[in-house]
Amino acid sequence: TDAFLPCGGRPAAVNSNNWRHFLDEAGKASVSVVVEGANLFFTEEAREALTREAQVLFVKDSSANKCGVICSSFEIAASLLIDEAAFLKIKDTFVNEVLERLRSLARKEAAILFSQYQRRPEVPLSKVSIKLSNAINRTKDAIIERLSSLSPEDATLAHALVARHLPQSLRQAAGQAAIDALPQSYAHRVIASVLASEIVYREGIDSLSEVSPGRLGDLAVSYLRHIEDTRCLVKALQAVELPERERIITLLKHGSAIAGMNYDG
């Protein structure tokens with residue numbers, strides 16, 4: 001087949017004892033690509049062996065299933081903000097907005113994974129997924145630590161990130177007062193996850209590996225301010241006619257934010 005998508009089954013179904021069963025009599029893998037819809041279906045030993053012996057490309061579960069986790073977070077937000085009757089009124093629009101967001105985030109995940117893999121094809125793609133997850137989690141932990149000591153101005157920017165993260169239909173149905181009343185622990189998790197992912201996706205997996213956790217938290221706050229500055233610049237540009245306006249906006253949205261900040265770290 002063209003690809004194998006395990007979407008169920010026991011953990012470690014393919015492991016160091018049986019991975020050769022994935023090969024035919026000539027030693028060729030039955031597929032060239034595995035996208036792990038089931039968590040832990042392959043052990044890391046099996047992934048490494050199949051990558052080494054049969055050049056199988058693995059999109060690891062931590063990347064392949066990320067949209068499932070994000071979808072659950074939107075379900076939790078909806079249950080915290082509105083009741084069932086209100087949800088049913090917006091359900092069709094809400095579902096389409098969530099799908100659009102998931103596609104956008106999946107493209108970002110795929111882009112950084114495969115760009116890294118193309119630069120260093122000797123490193124298995126599953127290892128790149130692990131490195132990416134570690135980079136995001138390290139940045140997220142530093143942000144959560146820093147959120148308790150934000151200035152009032154930075155706290156306003158951070159909480160605006162929560163509202164922008166939510167699908168528009170849910171924001172409108174819930175209202176700003178309900179969003180502001182979300183539990184702080186939930187809001188902080190959203191802020192940290194959104195900001196950490198944005199930083200790593202835009203700047204690269206290795207860009208902040210040498211920055212200490214404390215400095216990383218400060219950098220994330222500066223990054224948050226820069227995101228707001230960029231949003232304001234884009235809004236201003238959209239209101240005027242300029243040659244190459246859309247190209248300028250694209251560069252602002254997708255260029256390195258760290259390069260645009262006065263960061264000495």
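In segment 1-30, which residues have a backbone nitrogen under 17 Å from the label point lying 7 Å from residue 53's Cα in the Cα-to-Cβ direction? The answer is 13-30. Shown for the chain: lysine pairs separated by 8 or more places, or found on different chains, whose C-alpha atoms are under 26 Å apart, numbering 23. For the chain, with a Gaussian network of springs between Cα atoms less than 10 Å apart, report the residue from 174, 160, 239 with the top mean-square fluctuation. Most flexible of the set in this elastic network: 239.
Rounded to the nearest 10 degrees, the inclination of helix 184-203 to the longest alpha-carbon principal axis of the chain is 70 degrees. Counted without the sites themselves, the longest stretch of the chain free of GluC sites (Glu not before Pro) in a DSSP loop having at most 16 other beta carbon atoms within 10 Å is 26-121. Take residue 230: with every protein chain present and a 1.4 Å probe, its accessible area is about 10 Å².
In this structure, the amide hydrogen of residue 57, modeled 1.01 Å from its nitrogen in the peptide plane, lies closer than 5 angstrom to those of 33, 34, counting only residues at least 5 positions away or on a different chain. Treating r as the C-beta distance of residue 232 and residue 45 and R0 as 35 Å, the FRET efficiency rounds to 0.10. Of the solvent-accessible surface of segment 143-265, computed with a 1.4 Å probe and all protein chains present, 52% belongs to carbon and sulfur. Placing R0 at 30 angstrom, the Cβ-Cβ distance between residue 10 and residue 73 gives a FRET efficiency of 0.65 after rounding to 0.05. Reducing segment 209-250 and segment 15-86 to their Cα centroids gives an inter-centroid distance of 34 Å.
Considering only protein heavy atoms, what per residue accessible area in square angstrom results for segment 161-232 with a 1.4 angstrom probe? Kindly include the intermediate steps, with their values, before the conclusion.
Numbers: 3150 Å² over 72 residues.
In whole numbers, segment 161-232 has 44 Å² accessible per residue.
If one computes P(r) from the Cα atoms of the chain, what percent of pairs lie at distances over 32 Å? Percent of Cα pairs beyond 32 Å in the chain: 34.
Charges were assigned to the Cβ only: +1 to each Lys and Arg, -1 to each Asp and Glu. The resulting dipole of segment 78-215 about its Cα centre is roughly 420 debye. Counting only alpha carbon atoms, the long axis of helix 84-119 and the longest principal axis of the chain meet at about 60°.
Legend: calculated FRET efficiency, residue 84 to residue 134, from the Cβ-Cβ distance at R0 = 35 Å, rounded to 0.05, equals 0.35.
Classified by the C-alpha gyration tensor, segment 94-188 has an oblate form. Its axis ratio a/c, with a ≥ b ≥ c, is 1.5 or above, and a/b does not exceed b/c.
The values are calculated or read from the model by the stated rules, or taken from the named source; none is laboratory data. Model, not experiment: these values are computed from the prediction. Methodologically, a virtual Cβ is constructed for each residue, glycine included, from the backbone with ideal geometry; neighbour enumeration extends over all protein chains shown. Protein only, heavy atoms only, side chains kept; ligands, DNA and RNA dropped before computing areas. Shrake-Rupley method; radii C 1.70, N 1.55, O 1.52, S 1.80 Å.
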